[in-house]
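Where a number appears in this text, it was derived from the coordinates with a stated rule and is not lab data. Remember, it's a predicted structure, so these values are computed and weren't measured experimentally. Positions of Cβ are generated from backbone atoms using ideal geometry, with glycine treated the same way; all protein chains shown enter the neighbour counts.
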Amino acid sequence: MHFDVLIADSEIIEDKKLRNKTTKELSNLNLHFTLDEQEILSKKMDLNLLIINIDLNNSIKIAKECLNNDIDVIFIIQNTQNLDVAYSIEVFDFIYKPLFFNKLIFKINHYVKIREKEKELIKQKEFSSIILNNIATPIFLTNKDSFLFANKNFFKVMGIQTLDELNKKYKKVANLFEKKQGYLFEDKNCNWLEQLNKQNESKVLIKTKTKEKIYKIQANYLKQDKNYLIFLDDITHEIEYKNELINLLYTDNLTKKPNRAKLIDELQHEKIDINSLAIIDINSFKEINDFFGNKVGDWVLKQVSFLIDEVIKDFKKIRLYKFPSDTYCITGENITKNDFLMAIKNIIDKIYKEVFSYEQYEIDTRVKAGISFSTKNNKLITADLALQAAKKDNKDYLVFYDQLDNLQEYENNMKWTKKLKNALTNDQIIVYYQPLINNKTMQIDKYECLVRMIDEDKVISPFFFLDISKKSNQYTKITKIVLDKAFKKFDKLDYEFSINISYEDIEDPKFIEYVRKKLKKYNVKNKVVFEILEDESVKNYDILIKFIDEIKNLGCKVAIDDFGSGYSNFEHILKMNVDYLKIDASIIKNVVVDKNSYKITKTIIEFAKNLGLKTIAEYVENEDIFNTVKDLGADYSQGYYFSAPKETPQINNSTKAKNE
């Protein structure tokens, strides 16, 4: 074994007999003798063991340097006075004077044996790691600059036969990867291994003669050889699915303009800071569709989009979005009210004056607009209210009156806060249950637990009181009530059941403790699914991912609710350890009649299957929707086609549930 020992003690060095005897006894090792500080430090990269007299000049400094380089240190000491100094730098092994030859030899051999065992263990671990990963994924070994080893899969990916050929083609390892924004190699001159260690996981792009692939890259540092074992996991399909989904979700299929979901995503992630918003509707567009046909109607929608573009092209801070049907949205960032109003008036006037000619047809159109300059995060709602008022009063446009909204909101908040307080006091927060049908067996497999409130003998939808509960700090109380009642209900039932929780619940450290407590009380840990809505309230994904991991460790499952809405974050889905994706109701309800919704649903299901996740279609309201999502491969269906939410779970099959 290659083992280097340096002895820095004048007695041993000057006693030629002792020195020669030591050298002869340890002939299988590399022994060095010196008292010179610089010479000692110059050899530190090669040393395994330093034996140094503590009285030597700068012995503590020398010892610290060696310890930092993973070199074992033994102090030669005269007495115990210097022990505290040695302990302070974490040296705990000593040879006391007078020196005994056998003790010296024993100490050195002891460290040789320790190092031999360590080296053997490291070899075994490295060998095991290579064997385990050789088949599953491409790997290579590098010292940062060159390829030292590559497995068969890596050679296959690269279309290269030998290590020499690999190093000849790529003079540096960094040259293997393409430079691209958002990837590890944004800059090929960076210290990529240092960056990779900081980020833990990153993406890289590799181009070969025939293809371009995206990989997740991870590095394991092999301390003994000071090299890195690099693992590449092909995520090309996941990224392609993600990009296809993003394009489908955020782009209007007809006009290719950003859609409503895109606007919501930008507002949620603070990519834009709008102070003005207008919603524009084409007057009597249904009549155009009915009279001229859908083909002409679609053509008109595109022409209106072109006209709006023409008007706003000189306004750099104004942007067009295409909402569903015949609706358009105009947003303004840091623009004056007068400039925004002028732009909207110009759009209305331009469309009014334009006569659209399609073959032998001449089509006149007019539009109405609702405008909001609200200072609150409600411009979409208030602009729509203004649009409805403009239609009612037959005005070309109306601007929302902010002060009136404040008064109405205050009165509404007071009313529902009082009702909610009464319901909490009198145990009138109840749970309804809606079945989820297994699309293969057509049996009820699961239930979703839905909160309701009793008010004056009426069952009230959460639409009226959940937002108020958040504003009045009652939301987590409601979640705990639903959790407690659902756990109790399914304690003896052999069904999975889901409970909706929010980011407010998740970031409360007491909530996970409450869950643990209830799981000990009720036999539901393998039945409960926590549905998480990934909406604009999620401020810290590290907290969310940690919560999911803790819940999974308790034996529970996790679903992402409303997946495919404007808030879905595909990057984070790849990192979350979830079990189900619930496809957003706004997509499923249009899956039969809207090509874009169909494409989105199909892509989400394929995306989920690729990640090993199950999919649930919400809002299955009729047979056509059910047959479509079933044919697309959705695993479960939920909606009024099978059953409305009811007070008690139905312990029977889906056919009976439907007939009842």
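For Lys257, the residues whose modelled amide H falls within less than 5 Å of its own, excluding neighbours fewer than 5 places apart on the same chain, are Asp252.
Using only alpha carbons, the stretch 4-121 has a radius of gyration to Kirkwood radius ratio (Rg to Rh) of 0.93. Under the convention that each Lys and Arg Cβ holds +1 and each Asp and Glu Cβ holds -1, the size of the dipole of the chain around its Cα centre is about 1180 debye. Computed from Cα atoms, the angle from the helix 402-425 axis to the main principal axis of the chain rounds to 70 degrees. In plain terms, the bigger the Kirkwood radius, the slower the diffusion; for the stretch 135-234, with that radius from Cα pairs, at 20 °C and 1.002 mPa s, Stokes-Einstein puts D at 157 µm²/s. The residue among Gln360, Met45, Val592 whose Cα reaches farthest toward the positive pole of the charge dipole of the chain, with charges on the beta-carbon of Lys, Arg, Asp and Glu, is Met45. Across the stretch 272-400, Cα-Cα pairs farther apart than 24 Å form 25% of the total.
Summing charges over neighbours of Glu212, with a neighbour being any other residue whose Cβ is under 13 Å away from its Cβ, gives +3 when K and R count +1 and D and E count -1.
Take every pair of alpha-carbon atoms less than 8 Å apart whose residues are at least six positions apart; their mean separation over the length of the stretch 1-72 yields a relative contact order of 39 percent. A cut-off of 5 Å between modelled amide H atoms, ignoring neighbours fewer than 5 places along the same chain, links Val558 with Phe530, Asp579, Tyr580. Go through Lys552/Lys595; Lys256/Lys630; Lys257/Lys286; Lys302/Lys630 and tell me which ones have a Cα-Cα distance over 27 Å in this structure. Table pairs above 27 Å Cα-Cα are Lys552/Lys595; Lys256/Lys630; Lys302/Lys630. With a threshold of 29 Å on the Cα-Cα distance, the over-threshold entries among Lys589/Lys609; Lys337/Lys418; Lys213/Lys322; Lys198/Lys379 are Lys337/Lys418; Lys213/Lys322; Lys198/Lys379.
Beyond 26 Å between alpha-carbons counts as too far, so tell me which of Lys271/Lys295; Lys446/Lys517; Lys421/Lys485 fall in that bin. The answer is Lys271/Lys295. Averaging Cα coordinates gives a centre for the stretch 603-644 and one for the stretch 294-326; these two points are 33 Å apart. Loop-located GluC sites (Glu not before Pro) in the stretch 296-385 (DSSP state not H, G, I, E or B) with no more than 10 neighbouring Cβ atoms inside 10 Å: Glu359. Taking other C-beta atoms within 10 Å as the exposure proxy, Met576, Met442 rank Met442, Met576 from fewest upward. For the stretch 272-400, the relative contact order is 31 percent, taking Cα pairs closer than 8 Å that sit 6 or more residues apart in sequence and dividing their mean separation by the residue count.
Ranked for footprinting exposure by Cβ neighbours inside 10 Å, fewest first, Lys113, Lys119 give Lys113, Lys119. Straight-line cross-link partners of Lys207 among the aspartates and glutamates, defined as a Cα under 20 Å from its Cα and at least 8 positions apart when in the same chain: Asp145, Asp164, Glu165, Glu178, Glu186, Asp187, Asp233, Asp234, Glu238, Glu240. Loop-resident GluC sites (Glu not before Pro) (DSSP state other than H, G, I, E or B) in the stretch 203-278 with no more than 13 further Cβ atoms inside 10 Å of their Cβ: Glu270.
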